[in-house]
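Since the structure comes first, as structure tokens, the remarks are kept for the end.
The values are calculated or read from the model by the stated rules, or taken from the named source; none is laboratory data. All figures in this text were calculated on a predicted structure; none of them were measured in a lab. Cβ: placed from backbone, ideal geometry, glycine included. Neighbour counts: every protein chain shown. For accessibility, only protein heavy atoms count, side chains too; no ligands or nucleic acids. Shrake-Rupley method; radii C 1.70, N 1.55, O 1.52, S 1.80 Å.
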Amino acid sequence: MDWLTFIFVVLLLFSLTDFMWPGQQKLHRQLYELAFFVTYFLFTIKYYYGADIATYVPSYENIENPRELLTRGSKYSSTFEFGYLFFCSVLHHAGVSFWLMTAIVSTFYFYTIHKLFKLIPAKRIFALLILVILDYNLMFAAYRQCIAVSFFILMVLAYADKKYIRVAIYFVIISSVHKSGLFISAMTLATLAFFGNTKIARSNYWLLGGVLALLCVISTREFLLLLTGLLPLPGNTATSIVHHLSQGKRVQLVFALYFVAICLVALYLRSDRSTRKRKIQWVVFLGLFMIVCLYQYYYLLNRLRSYFLPFIIVFIFNQIYSKEPLVLPIKNVRLLGQSAVLLIYLIFSYYIVSWNMSHKKLTGRIYEASTVFDRLNDSETTIKKRQLHKAELYWTVDVPKLLKQNDISH
């Protein structure tokens, strides 16, 4: 069993307790805190783990000092954004190891998730399970985007609380750390500025669900390629988008999760007079809209979905487990919710099994356990060499095979 499979199984078992001992709210809060800490701990003790260390480790160990970075730039500026390079430069030249840098990023991300998940009234472990399985790559490998997503969460919360100076600071940080951050943050802030106080009708969610179902049949690749060609995009950005659009599928297992999520929002949507909650709802709607538009292009969508996924999960759980009455009475609404939970567990169980089996076929066994506690038996140099070799095999041997199979879910 690889390390990620182990995390998935542990959290799945923890999540089952959400549906036991009804009425024991204190116990559920304690179990959630325990499950959250265990999840954070297991992700944070990873040591030279994953495929992306092939570029992250050399750049971190050879990054220029902050003064050189500010005056002369960096030899890695064509690969990484300035904000991330400056972050690494400060830490590296302060004597912080690569592992401790990754631990800092992980800690900050889980801090923001814990802060956001306080808004969920019930079933928090189950919510955490959904987030982890859908966004595991962000948590263990995508350091730059992990920082950007963390500040995006803080930015949205600050905007909802009308703390606009913080919003401006977070926006600058997000934009400097990851290329996608500028686009996502600007689009989100513009949406909130123009529509943040407007009520979103239930019919809009049903429309999204209908379009999503239609996209299982109709391809949008030619239209999006045409649109990309018409937009005034830099050459490297346009090339990247075209590459991402080449990886697409109309029929995907994740369709069931997206469709269920949209239907649940439409069914459980409640009237809300709070302007703060309406702003967050617009972030959720924007995220669902993006998921629908880019559904077929999972490689591109998975890089953008991470910004909105935590808010979507929190919003849906708030709607389902709110004590306020539904706007429209729905017969057997409890049965619908239970069926959705069962479906999600079935999909996740299948996903975990298939994930573990597919990993065993990789030449570069990048998901095998490698934690900081391995230092008890091996030196850092030995572990780093071993893990970088796995990453090299993954990129040179496994990725070309996966691209031919049109399967880059790894």
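Modelled spin labels at M20 and A122, positioned 7 Å past Cα toward Cβ, are 1.8 nm from each other. Across every pair of non-identical alpha carbons in the chain, the mean reciprocal distance, once inverted, gives a Kirkwood radius of 22.6 Å. Each of the peptides 26-32, 161-167, 301-307 was scored by the mean count of other Cβ atoms within 10 Å over its residues; in descending order, highest first, they stand as 301-307, 26-32, 161-167. Ranking I313, Y109, Y136 by how far each Cα lies toward the positive end of the dipole of the chain (charges on Cβ) leaves I313 at the top.
Remark: region 14-116 carries a charge dipole of roughly 200 debye about the Cα centre, counting +1 on each Lys and Arg Cβ and -1 on each Asp and Glu Cβ.
Extension gain, N65-L27: 0.36 nm per intervening residue step, less the Cα-Cα distance, totals 8.8 nm.
Sort region 1-100 into rounded, prolate or oblate with this rule: let a ≥ b ≥ c be the square roots of the eigenvalues of the Cα gyration tensor; rounded if a/c is under 1.5, and if a/c is not under 1.5, prolate when a/b is larger than b/c, oblate otherwise. Prolate. For region 148-212, the gyration tensor built on C-alpha atoms gives an oblate shape. Its axis ratio a/c (a ≥ b ≥ c) is at least 1.5, and a/b is not larger than b/c.
Look at the dipole of region 44-173 built from charges on Cβ: of F87, A168, I63, the Cα furthest out on the positive end belongs to A168. Here's the picture: charge each Lys and Arg Cβ at +1 and each Asp and Glu Cβ at -1 in the chain, and of A127, I383, A54 the one pushed furthest to the positive end of that dipole is A127. Using Cβ point charges alone (K and R +1, D and E -1), the dipole size of the chain about the Cα centre works out to roughly 1120 debye.
A Cβ-based charge dipole, computed about the Cα centre of region 248-300 with Lys and Arg at +1 and Asp and Glu at -1, lands at about 240 debye.
Apply the membrane-span-like helix rule to the chain: whole DSSP H runs, Cα extent along the own long axis of at least 30 Å, mean Kyte-Doolittle hydropathy at least -1.0. List the helices found. For the chain, where a helix must reach 30 Å along its axis and average at least -1.0, the hits are 298-321, 333-359. Per residue, how much accessible area does the chain have with a 1.4 Å probe, in Å²? Ligands and nucleic acids excluded, the figure is 48 Å² per residue.
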